[in-house]
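Here the structure comes first, spelled out in structure tokens, and everything after it is commentary.
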Amino acid sequence: MRSFRCVSIRAWAASLVGVVAFAGCALAATHLNNNFHVIVAGEAYRSAQPSADEIRAYRDEYHIATIINLRGESPGRAWYDAEIKTAKDLGIRHVDFGLSARMKLLPRQSLALIALMRRVPKPVLIHCQAGSDRTGLASALYLAALAKAGEERSEAQLSIRFGHIAIPILGTYEMDQSFEAMEPLLGFPGS
């Protein structure tokens, strides 16, 4: 019995190391491109915090007309001041919509975000710090409410592919809970 237990623990540990290594590689690959991805081509894109040069490149290649910053208004912070200045210089509309990845959104807050994403000039770039959690929720809501992409495709925006890890104790699971709370309002059955 003792050797079986030892083998089981080793197998479990090896599996855990494999999963962690895979997740690490996935996260590294995701962040090599600033976690920039298409939500809906020609209409909506997602990323981590963009630099001034990245904003210029996104504007030139994807014709970004609006930036939605999910980190909230932060005057005096270098990243924020650079983003505001670059957006202004390039004629890009800039909108702040502050969220916390560790706090569940009420449906009325999600509806306000959907309304904002609906009314801003497109194409829009939506970002938070890492482009994983808050941006994942916004992207899922965009696909579900505006693009009518369906539940599975929308929920996929909250996945490891984008750096989002949905484990309740990590404090970012609230983004998943926020989407789940919206499912009845988005018309998804069985919610």
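Checking each residue in the range 137-152 for being without any contact (Cβ under 8 Å) to a residue 40 or more places away in the chain and under 14 Å from the mean Cα position of the chain (by Cα) picks out only Ala140. Only one entry of Ala166, Ala115, Ala149, Ala144 meets the criterion of being assigned to a helix (DSSP H, G or I) and surrounded by 14 or more Cβ atoms within 10 Å (Cβ to Cβ), and that entry is Ala144. Considering the range 83-112, and only residues there that are among the aliphatic types (A, V, I, L, M) and loosely packed, with under 15 Cβ neighbours inside 10 Å, the residue that is nearest to the chain's Cα centre (by Cα) turns out to be Met103. Restricted to the range 143-191, and to residues there that are among the polar types (S, T, N, Q) and assigned by TED's automatic domain parsing to the domain that holds Ala101, the residue that is modelled with the lowest pLDDT is Thr172. Could you please find all residues in the range 51-73 being in a loop (DSSP other than H, G, I, E, B), more than 12 Å from the chain's Cα centre (by Cα) and within 22 Å of Arg118 (Cα to Cα)? Answer for the range 51-73, where residues must be in a loop (DSSP other than H, G, I, E, B), more than 12 Å from the chain's Cα centre (by Cα) and within 22 Å of Arg118 (Cα to Cα): His63, Ile64, Ala65, Gly72, Glu73. Criterion applied to Glu61, Glu73 was being surrounded by fewer than 15 Cβ atoms within 10 Å (Cβ to Cβ), in contact with a helix residue (DSSP H, G or I) (Cβ under 8 Å, 6 or more places away or on another chain) and modelled with pLDDT of 95 or more, and the one residue passing it is Glu73. Could you list, in sequence order, the residues of the range 152-163 that are touching a strand residue (DSSP E or B) at 6+ places or on another chain (Cβ under 9 Å) and assigned to a helix (DSSP H, G or I)? Result: Arg161, Phe162. With the condition kept exactly as written, say whether any residue in the range 171-179 is part of a helix (DSSP H, G or I), touching a Cys at 6+ places or on another chain (Cβ under 6 Å) and either surrounded by fewer than 19 Cβ atoms within 10 Å (Cβ to Cβ) or in contact (Cβ under 8 Å) with a residue 40 or more places away in the chain (or both). Checked the range 171-179: no residue is part of a helix (DSSP H, G or I), touching a Cys at 6+ places or on another chain (Cβ under 6 Å) and either surrounded by fewer than 19 Cβ atoms within 10 Å (Cβ to Cβ) or in contact (Cβ under 8 Å) with a residue 40 or more places away in the chain (or both).
Considered as a group, the residues in the range 100-112 that are at pLDDT 95 or above and either part of a strand (DSSP E or B) or among the hydrophobic types (A, V, I, L, M, F, W, C) (or both) include one that is farthest from Tyr80 (Cα to Cα), and that residue is Leu111.
Filtering the range 118-135 to residues that are part of a loop (DSSP other than H, G, I, E, B) and of a type in the set (S, T, N, Q) leaves Gln129, Ser132.
The values are calculated or read from the model by the stated rules, or taken from the named source; none is laboratory data. In this text the structure is predicted, and so the values were computed from the model without any measurement. Neighbour counts run over all protein chains shown; Cβ positions are idealised from the backbone, glycine included.
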